[in-house]
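Right, one structure below, let's go through it.
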Amino acid sequence: AAPLAAFPAIEHATLSNGLKVMFVPRTAVPTVSMNLIFDAGSAVDPEGQQGAAVLTSTVLTNGTDDLDALEISDRLQILGATLGAGSGVNSTTVSMTAIESRIEPSLALFADVVQNPAFRAEDFQRGRAQQISGIQQSNRNPGAIANRVLSAQLYGPENPNGRPASGTEATVGALTPEQLHAWHDAWFRPDNATLVVVGDTTLAELQPQLERAFAGWRAPSKALPARPQAPALPQAPATPRVLIVDRAGPQSIITGGRIAPAFDAQTQAAIETMNTALGGAFTSRINMNLREDKHWSYGASGGVRTARGERAYVVSAGVQADKTAESLVELRRELTEVVGSRPLTEAELAGARANLVQGLAGEWETNASILGDLGRMVTYGLPENFYDSYAAGVSGTTAEAATTAARSMVGAGPTTWVVVGDRAQIEPKIRALGFGDVQVVDVNGNPVP
């Protein structure tokens, strides 16, 4: 057998200001890529300011105290560097890729953006308008609606995992530049961040360059703000429920989910192997059934959503409207049988193992992929040796381990189904299935008479 792909060795340093650095050398391309990951995302948005983390990350790269958006753009072009930022539920990331020979001036610009964002009125207004327009678009997108309604049902609408990170039109519309400054000042500090770096340099060369670039960046003497306590998860309904959102169109979006156990390094490889066979690949059971066998869907899939704490197991499919109820039956049947009468076979698992393991070597050839995996370690607290043993864990997943994984993740199947489609056409047939409580709700999950 071919040798298993190995994750590259990680080197560590801590700067004098307390910033932790994780570094992986890669010499294939003369560039250096870095993600500065702050341990704060939409989960720490103050009450009534939902969307602040996302807007902070959007406007952050548009201007510093000394440079406006055009000057930053010109500088990046001259340096041949790229700069970006983004925010999720648990973390906010500022990223840069620079040419190795121009690393010093590129780092100086990066450090300026991180430490001294201006949040000028015109940049702020443009960023806010963009975010509101994105929210309005997602209110018209059936897949986004299904996802949002399901998340709020599983986690509760006040839980950071149950509400949209980008906020609502009302909360984003009320944000001010001062609130972004306050968010940035509270969480953008070296003792609340990890810098992950991959590229064509050495740690011995890089560390003094980082010390110089971030010389003026010190953690304030006051402690980090208290993080809001996430509310407890709602009690799952005793019998599954189906929520229908009325949206005319030739197809329906079906999604269903349940709360599943938190990440565990011991079982994750088996879970991913099981899921690849059940819903995570083109050849998976769920897709082969609805797309290849029935021709009701262009694609059906299932998988575990990453989160801190309890995760969600979710299946989804876009199906032709007149086959909505039938597709619901098939999805439920697949999820019932995999933990019961029709466990995954050795042949299915062999395909899944090959799919996962053979992709790794190529995947870990790219700086972006290694950065992404390092970022997951930082954000979700994965053990550092997780990827070292990952390929062996996948290769060693037995049929018995896959069944155990299916029982823990899929369990008794989704507790909530959300169907976005033409109510007049789909509601009577869904009610006739007798799946449990059927309710019609709006795009925010509120009951509709």
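Take the conditions buried (at least 16 other Cβ atoms within 10 Å of the Cβ), of a type outside the set (Gly, Ala, Ser), over 30 Å from Glu365 (Cα atoms) and touching a Phe, Trp or Tyr at 6+ places or on another chain (Cβ under 7 Å) and apply them to Pro164. Does it pass? So Pro164 fails the test.
The single condition among (1) over 16 Å from Met409 (Cα atoms); (2) acidic (Asp, Glu); (3) not in a helix (DSSP H, G or I) that Glu211 does not satisfy is (3).
Scanning the stretch 106-141 for residues being in a loop (DSSP other than H, G, I, E, B) and more than 26 Å from Met96 (Cβ to Cβ) gives a total of 3. Considering each of Thr97, Thr64 in turn, give the residue that is of a type in the set (Ser, Thr, Tyr) and touching a Pro at 6+ places or on another chain (Cβ under 8 Å). The conditions single out Thr64.
Screening the candidates Val378, Val357 for the property of being within 30 Å of Val32 (Cα to Cα), in contact with a strand residue (DSSP E or B) (Cβ under 6 Å, 6 or more places away or on another chain) and part of a helix (DSSP H, G or I) yields one hit, Val378. Taken together, the criteria exclude Gln179 from residues that are at pLDDT below 95 and more than 30 Å from Ser101 (Cβ to Cβ).
Only residues that are surrounded by 15 or more Cβ atoms within 10 Å (Cβ to Cβ) and in a helix (DSSP H, G or I) were counted in the stretch 47-87, giving 14. Exactly one residue among Leu79, Leu109, Leu83, Leu67 is touching a helix residue (DSSP H, G or I) at 6+ places or on another chain (Cβ under 8 Å) and closer than 30 Å to Arg305 by Cα, and that residue is Leu83.
Filtered by the rule that a residue be more than 21 Å from the chain's Cα centre (by Cα) and over 17 Å from Asn367 (Cα atoms), the stretch 81-102 gives Ser101, Arg102. Restricting attention to the stretch 397-423, and to residues there that are part of a loop (DSSP other than H, G, I, E, B) and aliphatic (A, V, I, L, M), which single residue is modelled with the lowest pLDDT? By that ranking, first place goes to Ala412. In the stretch 178-198, the residues that are outside the structural domain of Thr379 (by TED's automatic domain parsing) form Cβ pairs under 6 Å with partners that are of a type in the set (S, T, N, Q), at six or more places apart or across chains, as follows: Gln179/Gln49; Leu180/Thr56; Trp183/Thr56; His184/Thr56; Pro190/Asn17; Val196/Asn35; Val198/Ser33; Val198/Asn367. Please enumerate the residues belonging to the stretch 259-277 that are among the aliphatic types (A, V, I, L, M), out of contact with any Leu (no Cβ under 7 Å at 6 or more places or on another chain) and part of a helix (DSSP H, G or I). Hits for the stretch 259-277 are Ala269, Ala270, Ile271. Hey, any hits in the stretch 267-279 for a residue that's closer than 26 Å to Val438 by Cβ, at pLDDT 95 or above and more than 22 Å from the chain's Cα centre (by Cα)? No; the residues of the stretch 267-279 include none that is closer than 26 Å to Val438 by Cβ, at pLDDT 95 or above and more than 22 Å from the chain's Cα centre (by Cα).
In summary, Thr255 fulfils each of the numbered conditions (1) among the β-branched types (Val, Ile, Thr); (2) within 26 Å of the chain's Cα centre (by Cα); (3) assigned by TED's automatic domain parsing to the domain that holds Ser87 with the single exception of condition (3).
In the stretch 171-185, of all residues being closer than 16 Å to Ser87 by Cβ and over 23 Å from the mean Cα position of the chain (by Cα), the one that is surrounded by the most Cβ atoms within 10 Å (Cβ to Cβ) corresponds to Leu175.
Selection of the stretch 27-46 for residues being surrounded by fewer than 21 Cβ atoms within 10 Å (Cβ to Cβ), at pLDDT 95 or above and in a loop (DSSP other than H, G, I, E, B) yields Pro30, Asp39, Pro46.
Could you go through the stretch 228-248 and let me know if any residue there is under 20 Å from the mean Cα position of the chain (by Cα) and in contact (Cβ under 8 Å) with a residue 12 or more places away in the chain. Checked the stretch 228-248: at least one residue is under 20 Å from the mean Cα position of the chain (by Cα) and in contact (Cβ under 8 Å) with a residue 12 or more places away in the chain.
Gln320 fails exactly one of the following numbered conditions: (1) within 17 Å of the chain's Cα centre (by Cα); (2) surrounded by fewer than 21 Cβ atoms within 10 Å (Cβ to Cβ). What is the number of that condition? Among (1) within 17 Å of the chain's Cα centre (by Cα); (2) surrounded by fewer than 21 Cβ atoms within 10 Å (Cβ to Cβ), Gln320 violates only (1). Only residues that are in a loop (DSSP other than H, G, I, E, B) and either in contact (Cβ under 8 Å) with a residue 40 or more places away in the chain or out of contact with any helix residue (DSSP H, G or I) (no Cβ under 6 Å at 6 or more places or on another chain) (or both): list them for the stretch 296-343, please. Residues satisfying the conditions are Thr306, Ala307, Arg308, Gly309, Glu310, Val339, Gly340, Ser341, Arg342, Pro343.
Here Val440 clears all of (1) assigned to a strand (DSSP E or B); (2) crowded, with 18+ Cβ neighbours inside 10 Å; (3) aliphatic (A, V, I, L, M) except the condition numbered (2).
When Ser284, Ser252, Ser301 are screened for being crowded, with 22+ Cβ neighbours inside 10 Å and within 19 Å of Leu356 (Cβ to Cβ), only Ser284 passes.
The values are calculated or read from the model by the stated rules, or taken from the named source; none is laboratory data. Here the structure is a predicted model, which is why all the values come from computation and not from measurement. Here Cβ is always computed from backbone atoms with ideal geometry, including for glycine, and neighbour counts include all displayed protein chains.
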